[in-house]
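Okay, structure first, notes after.
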Amino acid sequence: MLFRQEKKPFYDLHLHILPGMDDGARDLQMSAGMIREEIRQGCEGLIATPHYYPTESISDFLARRKRAFDKLQGWIEEELPDWEGRIGLGAEAAYHNGLVCDPDLEKLCMGHSRYLLLEMPFEKWTSGVLRDVRVLIANGIRPVIAHLERFPEYAGEDAIGELLEMDVLIQMNAGALLHRSSRHRAVTMVRNGITQILGTDSHNLDSRCPNMKNGLEILRKEHLGRQSDEILENNAAIYQAAME
């Protein structure tokens, strides 16, 4: 006899859902579809994390983010009133020289928390990159390293090992668990306790759609239920800290 597996509620801490903000949702219609899909899969709340690049000041970025969020919030008030107050704001901050010195950097953290979603460079990691991560930690910011599974060829084992010894949290994209080319590495990272946070990094409704439910199902099939529960608890704790 087959038993239906109930949806496990979750919080998504990495997605590009604000309309027209970056290479994510192109318009309000797509944002709405992404939210509805997140809810269908069991999402209880999320942190919108649009890309931040040094091509603009943080203050200009925050002004753009507010306009995009206000547009989305207006739709939520009309169409999904039960979801009012469930979306927090953050950013996926791309590492660059000088990032840690920016006096406005804390404003990119998730909501009212000190958690910063940090995208490491897609080029060889230098000692300066790792030094800057230590500076963030020394300044009281807790880096959440975005999709570490994508960086081995850029970082190398030694640099990744050095990073993992720091007080950082590692976020994995749920999609890494779904593709044959990346599944083995992704499952191993969860099994070995390297991954503490799962996010969708969703951008749209087709090629990079919300997929948390499918990722969690893979973890259960791999007999990683305990690790999955711990990841969901971490997601919930960070979300609550951001929304306080």
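Against the numbered list (1) hydrophobic (A, V, I, L, M, F, W, C); (2) within 26 Å of N234 (Cα to Cα); (3) in contact with an Asp or Glu (Cβ under 8 Å, 6 or more places away or on another chain), I76 comes up short only at (2).
Per the conditions (1) within 17 Å of L148 (Cα to Cα); (2) assigned to a helix (DSSP H, G or I), the sole criterion not satisfied by L198 is (2).
Condition (residue is buried (at least 18 other Cβ atoms within 10 Å of the Cβ), touching a Pro at 6+ places or on another chain (Cβ under 8 Å), of a type in the set (S, T, N, Q) and not in a loop (DSSP other than H, G, I, E, B)) applied to the range 172-187: is it met by at least one residue? No, the range 172-187 has no match at all. Among the conditions (1) in contact with a strand residue (DSSP E or B) (Cβ under 6 Å, 6 or more places away or on another chain); (2) modelled with pLDDT under 95, G88 misses just one, which is (2). For H203, state whether it is in contact with a His (Cβ under 6 Å, 6 or more places away or on another chain) and modelled with pLDDT of 95 or more. Yes. For the range 30-66, the tally of residues that are in contact with a strand residue (DSSP E or B) (Cβ under 9 Å, 6 or more places away or on another chain), exposed (fewer than 15 other Cβ atoms within 10 Å of the Cβ) and not in a loop (DSSP other than H, G, I, E, B) stands at 1.
Are any of the residues in the range 8-21 surrounded by fewer than 18 Cβ atoms within 10 Å (Cβ to Cβ), of a type outside the set (S, T, N, Q) and under 26 Å from A237 (Cβ atoms)? Yes: the range 8-21 contains one or more residues that are surrounded by fewer than 18 Cβ atoms within 10 Å (Cβ to Cβ), of a type outside the set (S, T, N, Q) and under 26 Å from A237 (Cβ atoms). Summed over the range 103-161, residues that are in contact (Cβ under 8 Å) with a residue 24 or more places away in the chain and in a loop (DSSP other than H, G, I, E, B) total 20.
The rows are residues; the columns are (1) surrounded by fewer than 20 Cβ atoms within 10 Å (Cβ to Cβ); (2) modelled with pLDDT of 95 or more.
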{"site": "M110", "(1), (2)": "no, yes"}
{"site": "T126", "(1), (2)": "yes, no"}
{"site": "V135", "(1), (2)": "yes, yes"}
{"site": "Y154", "(1), (2)": "yes, no"}
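Set side by side, the residues D102, D27 differ, and just one is closer than 30 Å to V129 by Cα and either of a type in the set (S, T, N, Q) or out of contact with any strand residue (DSSP E or B) (no Cβ under 7 Å at 6 or more places or on another chain) (or both), which is D102.
Just checking, how many residues over the range 202-212 are within 12 Å of D23 (Cβ to Cβ) and surrounded by fewer than 24 Cβ atoms within 10 Å (Cβ to Cβ)? Explain how you work it out, then say what you get.
As a first pass, look at the range 202-212 and keep what is within 12 Å of D23 (Cβ to Cβ): 202-204, 207-208.
Keeping just the survivors that are surrounded by fewer than 24 Cβ atoms within 10 Å (Cβ to Cβ) gives 203-204, 207-208.
Of the residues in the range 202-212, 4 are within 12 Å of D23 (Cβ to Cβ) and surrounded by fewer than 24 Cβ atoms within 10 Å (Cβ to Cβ).
Return the only residue of T188, T200, T126, T195 being β-branched (V, I, T) and under 23 Å from R65 (Cα atoms). Step by step, each of T188, T200, T126, T195 is checked, and only T200 is β-branched (V, I, T) and under 23 Å from R65 (Cα atoms).
For the range 217-239, give me each residue that is part of a helix (DSSP H, G or I) and more than 15 Å from L169 (Cβ to Cβ).
E217, I218, L219, R220, K221, G225, R226, S228, D229
The values are calculated or read from the model by the stated rules, or taken from the named source; none is laboratory data. What you are looking at is a predicted structure, and each value in this text was computed from that prediction instead of being measured. Don't worry about glycine lacking a Cβ; one is built from the backbone with ideal geometry, like all the others, and counts go over all protein chains shown.
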